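Please read the structure below before turning to the comments.
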Amino acid sequence: MKRTRFPAGWNEARVRRVLEHYERQTEDEAVAEDEAAFQLRGQTVMVVPKGLVPEITRLIEGQRSGRRKGSKRPNKALQPPAHGRRRG
């Protein structure tokens, strides 16, 4: 039998608790939870092609792991030009 692998911080007991939560949730509670998620500041919800989901997931994980490592180095490519630079 194949052994199940879980993401870091997850185990079978945690998965079972999450499943139990959603299986017991009423439709009204589910709608309220979804609506609350749309109100979170600093986040957005968007529709993307399914084929992009793995790449987007990797991008988000990379951003999270960078924050955990204490990386505060800004992405220079996305910075506006500094004042005083010659334009041309």
(request) Would you check which residues across the stretch 2-36 are among the small types (Gly, Ala, Ser) and surrounded by 10 or more Cβ atoms within 10 Å (Cβ to Cβ) and list them? (result) 30, 32
(message) For a quick check of your reading of the model, give me the residue pairs whose first member lies in the stretch 37-51 and is under 20 Å from residue 63 (Cα atoms), whose second is surrounded by 10 or more Cβ atoms within 10 Å (Cβ to Cβ), with beta-carbon atoms closer than 7 Å and at least 6 apart or on different chains.
(response) 48/56
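Here, each number is a calculation from the coordinates, and none is a lab measurement. Keep in mind it's a predicted model, so treat the numbers as computed, not measured. Cβ atoms come from the backbone with ideal geometry, glycine included; neighbour counts cover every protein chain shown.
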